[in-house]
Amino acid sequence: MSIRILLADDQALLRTGFRMILQAQPDLEVVGEAVDGADAVRQVARLAPDVVLMDVRMPVMDGVQATAAIVSGGSSSRVLVLTTFDLDEYAFAALRAGASGFLLKDVPPAELAGAIRAVAAGDAVVSPRITRTLLDRIPLHTPGRPDAGSGPGAILAALTDREREVFGEVARGLSNAEIAGRLVLSEATVKTHITRLLAKLRLRDRVHVVIFAYENGLLGDR
């Protein structure tokens with residue numbers, strides 16, 4: 001079954017290039033194109049793609065606003081943001097809005113296809129360590145930070161003790177293999193714990209674990 005992709009970019013030449021690259025893959029299908037963020041939101045509602053390849057800087061509505069609208073609207077479509085600059089403030093804002101990762105526009109074709117497959121499978125395409133770097137560099141407004149007196153225990157009360165341990169390791173940027181080694185678990189068990197804690201905390205993927213932990217003061221010393 002093909003992964004259905006929506007291309008959202010205001011430059012027709014780039015859309016054409018991405019379409020040619022992706023259509024060459026037997027498991028990827030470009031089902032539509034959007035010329036700006038507002039158009040992307042409309043196309044997602046109409047086409048329900050698996051993945052939206054979203055330019056972060058577009059007219060009418062930028063990729064950050066479009067991502068927020070898609071995620072808040074309850075769509076199951078996952079957003080993969082494209083940006084010209086590494087560690088882009090707009091790209092990070094898109095992650096906070098619910099995107100599952102970002103890539104540079106000059107990404108090699110094989111890496112682009114692999115990233116789309118990963119996002120479609122529910123994974124994230126930005127290393128939590130890169131996310132931590134973004135968090136450290138870009139000032140955050142943190143309306144989600146708990147009131148004084150709400151400690152980590154209250155915020156993570158829905159998690160089991162083991163899930164809290166796994167949460168902490170994911171928030172520090174460890175891979176599944178590294179977490180398995182530290183907690184003496186199989187990678188499959190670690191993946192199961194991550195799936196459960198994401199569902200309980202209503203987070204989309206492991207990158208959003210890092211953001212959630214940071215904004216709620218759960219990381220301790222950085």
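The values are calculated or read from the model by the stated rules, or taken from the named source; none is laboratory data. Just so it is clear, the structure is predicted and the values come from calculations on it, not from any experiment. A quick note on method: Cβ atoms are made from the backbone with ideal geometry, for glycine too, and the neighbour counts reach across all protein chains shown.
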#### Entry: Unmet requirement for Thr16, which otherwise passes all of (1) of a type in the set (S, T, N, Q); (2) within 28 Å of Ile211 (Cα to Cα); (3) out of contact with any His (no Cβ under 9 Å at 6 or more places or on another chain)
(2)
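Checking the structure you have, find out if any residue of region 140-151 is assigned to a loop (DSSP other than H, G, I, E, B) and either within 23 Å of Thr16 (Cβ to Cβ) or modelled with pLDDT of 85 or more (or both).
Here is the first cut: in region 140-151, the residues assigned to a loop (DSSP other than H, G, I, E, B) are 140-151.
Those still in the list that are either within 23 Å of Thr16 (Cβ to Cβ) or modelled with pLDDT of 85 or more (or both) too: none.
No, there is no match, as no residue in region 140-151 is assigned to a loop (DSSP other than H, G, I, E, B) and either within 23 Å of Thr16 (Cβ to Cβ) or modelled with pLDDT of 85 or more (or both).
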### Task
Kindly indicate the residue of region 157-177 that is among the polar types (S, T, N, Q) and part of a loop (DSSP other than H, G, I, E, B) and also surrounded by the most Cβ atoms within 10 Å (Cβ to Cβ) among those meeting that condition.
Ser175
### Task
Please go through region 74-100 and pick out each residue that is of a type outside the set (A, V, I, L, M, F, W, C) and in a helix (DSSP H, G or I).
Glu89, Tyr90, Arg96
### Candidate set: region 178-222, residues that are of a type in the set (Gly, Ala, Ser) and at negative phi; chosen: the one surrounded by the most Cβ atoms within 10 Å (Cβ to Cβ)
Ala213
### Message
Looking at Leu103, Leu134, can you tell me which residue is in a strand (DSSP E or B) and modelled with pLDDT under 90?
### Response
Leu103
### Query
Would a scan of region 186-193 turn up a residue that is farther than 28 Å from Ile5 by Cα, modelled with pLDDT of 80 or more and touching an Asp or Glu at 6+ places or on another chain (Cβ under 6 Å)?
yes
